Amino acid sequence: MKLRKVTAASAVVLALTVTATACGGDKKDEGGSSGGGKKITIGIKFDQPGIGQKTPQGYAGFDVDVATYVAGKLGYKPNQIEWRESKSADRETMLQRGDVDFIAASYSITPERQQKVDFAGPYLLAHQDVLLRADDNTIKSPADLNKKKLCSVTGSTSAQNVKDKLAPKAQLQQYPTYSACLTGLQSKAIDALTTDDSILAGYAAQSQFKGKFKLGGFKMTNENYGIGVKKGSDLKAKINKALEEMVSDGSWQKAVDKNFGPAGYKNEPAPKIGDIKS
């Protein structure tokens, strides 16, 4: 008698399990099948405000908005995205190993990188620039950086580029993070901070810094931000199409205004796909 009761109960559990599994499978696939799977893994920066940042509320920044839009066009909802931190030195390796499906992480398209991975885009034309105190009117051109204390992060080539090509008497200061440079800029321990203008605008747009800094607008280099994919991936063409749609429907400009606007960032028009400025 006991055996029959257990068997009957097991049959009910089994039936319920099969039903639940079937329903759960349908729900997981909903909205994701056209993207070729239930999840998509995207590499971004976790530590660049305005570009890609991990916050207590989730992930934010221009690259995050672009990647989310692209993923949507590929058939994935926001809750089907798995975000992975993509540090600059790791990006090519992550794509080559298949750790991520694509990377949107202030990733400049260069000939050296194109030998290892493919790029969709570009989707933003940035420039090397300087960030200054809002009330400092002594630096109006790169030449004015001579004898000034110029900060960038340890290991970056941005400050050295300025010293080598534009202001040979600039006094280079290396800090461990951009946030430390900003603190030094605010306290007048340094006179200027240099890196991509989009990154500078993202930092300056933070609530605690609003109105305290300004961009020099010097446009010292061209930085063509692209979305990296594995060499030979068919995602490149699909992402390019999504980027064109993002520009045409106004979503691209909204993302620029939202993430960089508070810093007074005067962005370049959205670049055409394949138009890489040297």
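The values are calculated or read from the model by the stated rules, or taken from the named source; none is laboratory data. What you see is a predicted model; the values in this text were computed from it and never measured. Positions of Cβ are backbone-derived with ideal geometry, glycine not excepted, and every protein chain shown enters the neighbour counts. We work out accessible area using only protein heavy atoms, side chains counted, and drop any ligands, DNA or RNA first. Shrake-Rupley method; radii C 1.70, N 1.55, O 1.52, S 1.80 Å.
Of the residues that make up the range 109-129, is at least one within 15 Å of the chain's Cα centre (by Cα), closer than 15 Å to K45 by Cα and buried (at least 17 other Cβ atoms within 10 Å of the Cβ)?
no
Among (1) farther than 29 Å from G72 by Cβ; (2) part of a helix (DSSP H, G or I); (3) in contact with a helix residue (DSSP H, G or I) (Cβ under 6 Å, 6 or more places away or on another chain), there is one condition I239 misses while meeting the rest; what is its number?
Here I239 meets the rest and fails (1).
Can you name the number of the only condition in (1) open to solvent by less than 30 Å² (accessible area, probe 1.4 Å); (2) over 17 Å from S108 (Cβ atoms) that S198 fails?
Every condition holds for S198 apart from (2).
Can you tell me which residue in the range 191-216 is farthest from F260 (Cα to Cα), limited to those that are small (G, A, S) and modelled with pLDDT of 90 or more?
Among those that are small (G, A, S) and modelled with pLDDT of 90 or more, it is A192.
Just to be sure I understand the filter: pairs with C-beta atoms under 8 Å, separated by 6 or more residues or on different chains, first member in the range 124-144 and free of Cβ contacts under 8 Å to residues at least 24 places away in the same chain and under 17 Å from K165 (Cα atoms), second member open to solvent by less than 10 Å² (accessible area, probe 1.4 Å) and in a loop (DSSP other than H, G, I, E, B). Which pairs pass?
D144/A167
Between residues in the range 75-90 that are of a type in the set (D, E, K, R) and residues that are open to solvent by 80 Å² or more (accessible area, probe 1.4 Å) and assigned to a loop (DSSP other than H, G, I, E, B), which pairs lie under 9 Å by C-beta distance while being six or more apart or on different chains?
Short answer, once both residue conditions are applied: K77/E30; E82/K39.
Among the listed residues K241, K266, K258, K188, which satisfies the condition of being of a type outside the set (V, I, T), modelled with pLDDT of 95 or more and under 27 Å from A120 (Cα atoms)? Show your work before the answer.
Values: K266 fails: modelled with pLDDT of 95 or more; K258 fails: modelled with pLDDT of 95 or more; K188 fails: under 27 Å from A120 (Cα atoms).
It is K241.
Considering (1) among the aliphatic types (A, V, I, L, M); (2) in a loop (DSSP other than H, G, I, E, B); (3) touching a residue at least 40 places away in the same chain (Cβ under 8 Å), say which one A167 fails and leave the rest.
Evaluating A167 over (1) among the aliphatic types (A, V, I, L, M); (2) in a loop (DSSP other than H, G, I, E, B); (3) touching a residue at least 40 places away in the same chain (Cβ under 8 Å) leaves (3) as the failure.
Against the definition (at pLDDT 95 or above, within 17 Å of the chain's Cα centre (by Cα) and of a type outside the set (S, T, N, Q)), how does Y76 come out, yes or no?
Here the answer is no, as Y76 does not meet what is asked.
Kindly provide the set of residues from the range 135-155 that are aliphatic (A, V, I, L, M) and assigned to a loop (DSSP other than H, G, I, E, B), ordered by number.
First, the residues of the range 135-155 that are aliphatic (A, V, I, L, M): 139, 143, 145, 150, 153.
I139 - this is the single residue of the range 135-155 that is aliphatic (A, V, I, L, M) and assigned to a loop (DSSP other than H, G, I, E, B).
Does K254 satisfy the criteria of being without any contact (Cβ under 8 Å) to a residue 12 or more places away in the chain, basic (K, R) and assigned to a helix (DSSP H, G or I)?
yes
Just checking, does the range 51-59 include any residue being assigned to a helix (DSSP H, G or I), modelled with pLDDT of 95 or more and more than 22 Å from A270 (Cα to Cα)?
For the range 51-59, residues assigned to a helix (DSSP H, G or I), modelled with pLDDT of 95 or more and more than 22 Å from A270 (Cα to Cα): absent.
Quick one: count up the residues across the range 81-126 that are out of contact with any strand residue (DSSP E or B) (no Cβ under 8 Å at 6 or more places or on another chain) and of a type in the set (D, E, K, R).
5
With the condition kept exactly as written, say whether any residue in the range 215-235 is in contact (Cβ under 8 Å) with a residue 60 or more places away in the chain, part of a helix (DSSP H, G or I) and open to solvent by 10 Å² or more (accessible area, probe 1.4 Å). Don't jump to the end; show me each part of the working.
Looking only at the range 215-235, we keep the residues that are in contact (Cβ under 8 Å) with a residue 60 or more places away in the chain, and these are 215-233, 235.
Pick out the ones that are also part of a helix (DSSP H, G or I) and you get 235.
Among the residues that remain, those that are also open to solvent by 10 Å² or more (accessible area, probe 1.4 Å) are: 235.
The answer is yes; a qualifying residue exists.
Looking at the range 79-105, which of the residues that are among the basic types (K, R) and loosely packed, with under 13 Cβ neighbours inside 10 Å is modelled with the lowest pLDDT? Walk me through it before giving the result.
Taking the range 79-105 as the starting set, the residues that turn out to be among the basic types (K, R) are 84, 87, 91, 97.
Pick out the ones that are also loosely packed, with under 13 Cβ neighbours inside 10 Å and you get 87, 97.
Values: K87: 91, R97: 98.
Among them, the one singled out is K87.
Return only the number of the condition from (1) closer than 17 Å to K277 by Cα; (2) out of contact with any Gly (no Cβ under 8 Å at 6 or more places or on another chain) that A143 does not satisfy.
(1)
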